[in-house]
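Inspection log for the structure reproduced underneath, given as structure tokens.
Bear in mind that the values in this text are calculations on the coordinates, not laboratory data. The shown structure was predicted, so the numbers you read here are calculated from the model rather than taken from an experiment. In this analysis, Cβ positions are derived from the backbone assuming ideal geometry, glycine residues included, and neighbour counts consider all displayed protein chains.
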Amino acid sequence: MQRGARIAFMGAALFLAACQSIVPKAPAPTTPTAPTRPTTPEVVQGLPTDAARHRVALLVPMSGANAGVGQSIANATTLALLDTKTDKVRITTYDTALGAAAAATKALADGNRLILGPLLAEDARIVGPIAARANVPVISFSNDSSVAGDGVYIMGYNPNQSIERVVDFAKSKGLSQFGALVPRGTYGERAGNAMLRAVEQAGGTVVSMQTFDRSAGSISAAVKKLQASSSYDALLIADSGRVALQVAPILRKNGGGSARLLGTELWNAEPSLASNPALRGAWFASVSDGLYRQLVSKYRARYGSAPFRLSSLGYDAVLLTVRIAQQWKPGAPFPAARLRDAGGFSGIDGAFRFTRSGVAERALEVSEVGAGSFTIVDPAPRSFAE
């Protein structure tokens, strides 16, 4: 699928300074008066008043273990502001690593009417109620749908959607007997439930689902149970690409050579999958990387390094904000109803829209793992009208 991107760069700002000197005339004699006290300038707390631009807060970790991701997102928001050439949006960054509640409280005190972030679900749970009391929406970069609602919108990549997409594609290719390997823990539980729902809706059958704890012994035991329980023609490995690299050779060695392997959106961040013969022919669903590669090039040129994959969420959040800002009066509450526009939005990661629950629904593509690269076998729709 080919996509284009209109990339614009912000021109350099011009600053004008003017000075004027006045030659005083000789003063006329006057009667001395009592000295006056100098006027003390009024000190205003928070950000200076800005009546012409929209105040938007970016809440991300700028220190601590996730500082790299947070900095990538922050840098991407800067690129988006430059590319859109907007003069209507002002973004101020607040470090959630110092405390999500403190960051949200400071952002609201500074007059921000929209919050982009936070990154982590646990921070979103803290920020949401604080922002709701001020009638300020939160567009979090988390993928945890349980956080959505009451003014919190989830923009992260939802594993349920990628599982549904790849299962539908597999069913359309004649595969109907599904197996699954899911990790123990919250992600695995949600992925397993999503798999059961997706297969049922597609009209297939889940013949076996096994859990593992990511250790080599646990993976081997889960694969053996899977092989002994029943036959399947498609198998979902509901974990990261790195784990898939461990699981696939064990599967092939234990008689799973004929099954089509399926993956989640997490595989998109692991290009080394294409160098492993055991994963050759596997399918996974994710957002498109076409425009993201352009963002990476621009990011490298400006910042001298590669961004984290989640940086595109920051870029697209700014595009969304700039679009809505066209009908948003500075100083007024953010028009949250616009987030549920039926046509949705478009950005680096393709088309997306927020559902009634506040979770971003995305147009996903299906890719096949080849010899050294990924090939798109079912492109993502360009809009929700397709």
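Overall, the chain carries a charge dipole of about 520 debye about its Cα centre when +1 sits on the Cβ of Lys and Arg and -1 on the Cβ of Asp and Glu, all other atoms neutral. In the set (i) 1.39; (ii) 1.24; (iii) 1.00, which value of Cα Rg over 2.2 N^0.38 Å was calculated from the structure you see? Recomputing Cα Rg over 2.2 N^0.38 Å here gives the entry labelled (ii). Of the DSSP H helices in the chain, those with a Cα length along their own long axis of 15 Å or more and a mean Kyte-Doolittle hydropathy reaching 0.0 comprise 67-84, 121-133, 216-229, 241-253, 311-325. When the stretch 313-386 is described by a simple charge dipole with +1 on each Lys and Arg Cβ and -1 on each Asp and Glu Cβ, the residue from A317, A363, A337 located farthest towards its positive end is A337. Here the peptides 262-268, 379-385 are ranked by packing, the mean other Cβ count within 10 Å, and the order with the highest first is 262-268, 379-385. Gain on full extension, evaluated as 0.36 nm per residue between S172 and S383 minus their Cα-Cα distance, stands at 73.8 nm.
Ranked for footprinting exposure by Cβ neighbours inside 10 Å, fewest first, R125, R300 give R300, R125. Distance between the pseudo-spin-label points of R300 and D213 (7 Å out from Cα toward the beta carbon): 4.1 nm. With the helix formula -39500 (n - 2.57) applied to DSSP H stretches of n ≥ 4, the chain reaches a computed 222 nm mean residue ellipticity of -10500 deg cm²/dmol. If the segment from Q201 to A228 were pulled out straight at 0.36 nm per residue, it would be longer than the present Cα-Cα gap by 7.1 nm.
Toward the positive end of the charge dipole of the chain, with +1 on the Cβ of Lys and Arg and -1 on the Cβ of Asp and Glu, the farthest Cα among V152, P137, L236 is that of P137.
Were the residues from R356 through T105 laid out at 0.36 nm apart, the gain over their Cα-Cα distance would be 87.7 nm. Restricting attention to the chain, lysine pairs at least eight places apart or on different chains and with alpha-carbon atoms under 30 angstrom apart total 15.
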